[in-house]
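Novice: My questions all concern the structure below.
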Amino acid sequence: MAAAPQVIVVTGASSGFGRLTAVALARNGHTVAAGMRRTADRNAPAVAALHRLAAEEGLALSAVELDVRSQESADLAISTVLDRHGRLDVVVHNAGHLVLGPAEAFTAEDLAAVYDVNVLGTQRVNRAALPHLRGQGSGLLVWVGSSFTRGGHPPFLAPYFAAKAAMDALAESYAAELIRFGIGTSIVVPGTFTSGTNHFTNAGGPSDAARDKAYEKPYGELRADLADRLNRLIPPEARAESVADEIVRIVGPQRTG
Ligand code: NDP
């Protein structure tokens, strides 16, 4: 049987792991819809750059508008992909959002905003995509999780860790339920990398002394301190590509038949 590209949606593909993954998958012969929100304005340069790259390299790679905070947007993005490419094989749940600060400083609404993207966003995209994957009797969900969902360290990331822990549990429930439909589930658990969100993730975390000192500072200063510390500690870009490579490996080769 002839090999054919897998059709893949990557959420949060305007920057960071999402963009790297979308490009890497397309370079491996797949057909990729790079989900980005508000493509008409804020992400217009990212959309233009992506389409330029696709044209230069002859990649089957295009942007699709997708804000994971909206079920309507998720439904429209998936139906756009199905209209464009006639099928859907893989969803990469990469879109992420975090806030930084001492746990007690957050309102419940702050936590809800982080859940909205990292947890509820995956549910919305699944609800849009799964009827098609089940209809096909094949498919794969790849979730980008976090290795720091236990232990509360580094500090100041409570809403993010809580959301990623919830996302893990959700993904595992899907894995248990979807296997009977021939749909796989995989959770990628990156370490810490530089790009976008990751400016505020850890590289070992601040020392206890630094943490104690940080608590006495206004949150803005705390954030700037941590960002500066992390940016100095984490080597850029090259390591982030290893996450994209891992997702390419999980997705595998072109499909047959
Ligand atoms: P980036 O900030 O570069 O990427 C985050 C992406 O999510 C952006 O494209 C952003 O789009 C998108 N996004 C945010 N909110 C929404 C939304 N409502 N709808 C659609 N897209 C949205 O950071 P990373 O590449 O580091 O993060 C990617 C994923 O990797 C995240 O899930 C993150 O939690 C996870 N991760 C990162 C680690 C790291 O060290 N970097 C470690 C472990 C996990 P926009 O440009 O529109 O804001």
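Since every read-out is calculated from the coordinates, none of them should be taken as a lab result. None of these values were measured; they are calculated from a predicted model. When we count neighbours, we look across all protein chains shown, and the Cβ atoms used for this are built from the backbone with ideal geometry, even at glycine.
Novice: Going by the structure shown, is Val142 of a type outside the set (Lys, Arg), within 26 Å of Arg255 (Cα to Cα), crowded, with 21+ Cβ neighbours inside 10 Å and away from the ligand (no atom under 11 Å from the Cβ)?
Specialist: yes
Novice: So, in segment 48-65, exactly how many residues are surrounded by fewer than 21 Cβ atoms within 10 Å (Cβ to Cβ) and touching a residue at least 12 places away in the same chain (Cβ under 8 Å)?
Specialist: Final tally of qualifying residues: 7.
Novice: Give the residue, chosen from Val99, Val68, that is touching a helix residue (DSSP H, G or I) at 6+ places or on another chain (Cβ under 9 Å), β-branched (Val, Ile, Thr) and surrounded by fewer than 23 Cβ atoms within 10 Å (Cβ to Cβ).
Specialist: Only one candidate passes the filter, namely Val99.
Novice: Also: Determine which single condition Thr80 fails, assuming it passes every other condition in (1) more than 17 Å from the chain's Cα centre (by Cα); (2) away from the ligand (no atom under 15 Å from the Cβ); (3) within 27 Å of Pro253 (Cα to Cα).
Specialist: In the conditions (1) more than 17 Å from the chain's Cα centre (by Cα); (2) away from the ligand (no atom under 15 Å from the Cβ); (3) within 27 Å of Pro253 (Cα to Cα), Thr80 misses (2) alone.
Novice: From the set of residues in segment 136-182 that are among the polar types (S, T, N, Q) and in a helix (DSSP H, G or I), which is farthest from Asp89 (Cα to Cα)?
Specialist: Looking at the filtered set, the residue picked out is Ser173.
Novice: Which ones in segment 145-169 are over 25 Å from Asp245 (Cβ atoms) and either in contact with a Leu (Cβ under 7 Å, 6 or more places away or on another chain) or crowded, with 19+ Cβ neighbours inside 10 Å (or both)?
Specialist: Residues satisfying the conditions are Pro154, Pro155, Phe156, Leu157, Ala158, Pro159, Phe161, Ala162, Ala163.
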